[in-house]
Amino acid sequence: LQHHPCCLLCDQAPETMRHLLMDCTFARQTWHEVLTWLGVQIPTPNNEATLMDWWLRSTQAATTLQCKALASVTETSSLDDLEAQ
């Protein structure tokens with residue numbers, strides 16, 4: 001299979017795991033929509049070093065119910081493994 005070096009969603013940056021999950025304009029829009037749907041008023045992942053850093057910061061500002069909702073959509077147990085790739 002041929003692999004395109006640039007993100008196929010935005011064609012603006014290399015297709016890295018960080019780009020696909022945090023930096024791509026489509027990823028940021030998706031995060032915004034999901035967080036709005038969950039009723040969680042926290043910033044979308046952006047300048048954090050990792051997705052896990054964002055999640056930890058976000059759960060400090062969220063209620064218990066919102067933390068459970070965040071955990072369900074991020075499957076936090078796999079964030080470290082995913083970012084290690």
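The values are calculated or read from the model by the stated rules, or taken from the named source; none is laboratory data. Owing to the predicted nature of the structure, the values given are computational and were not obtained by experimental measurement. Ideal geometry is used to build each Cβ from the backbone, glycine not excepted, and the neighbour counts take in all protein chains shown.
Out of the range 48-69, which residues are among the polar types (S, T, N, Q) and either in a helix (DSSP H, G or I) or over 11 Å from the mean Cα position of the chain (by Cα) (or both)?
S58, T59, Q60, T63, T64, Q66
Where residues in the range 18-62 are surrounded by fewer than 17 Cβ atoms within 10 Å (Cβ to Cβ), out of contact with any Asp or Glu (no Cβ under 7 Å at 6 or more places or on another chain) and hydrophobic (A, V, I, L, M, F, W, C), which of them is modelled with the highest pLDDT?
Residue satisfying both the conditions and the ranking: F26.
So how many residues does the range 24-56 have that are of a type in the set (D, E, K, R) and either in contact with a His (Cβ under 9 Å, 6 or more places away or on another chain) or free of Cβ contacts under 8 Å to residues at least 12 places away in the same chain (or both)?
So the answer is 2.
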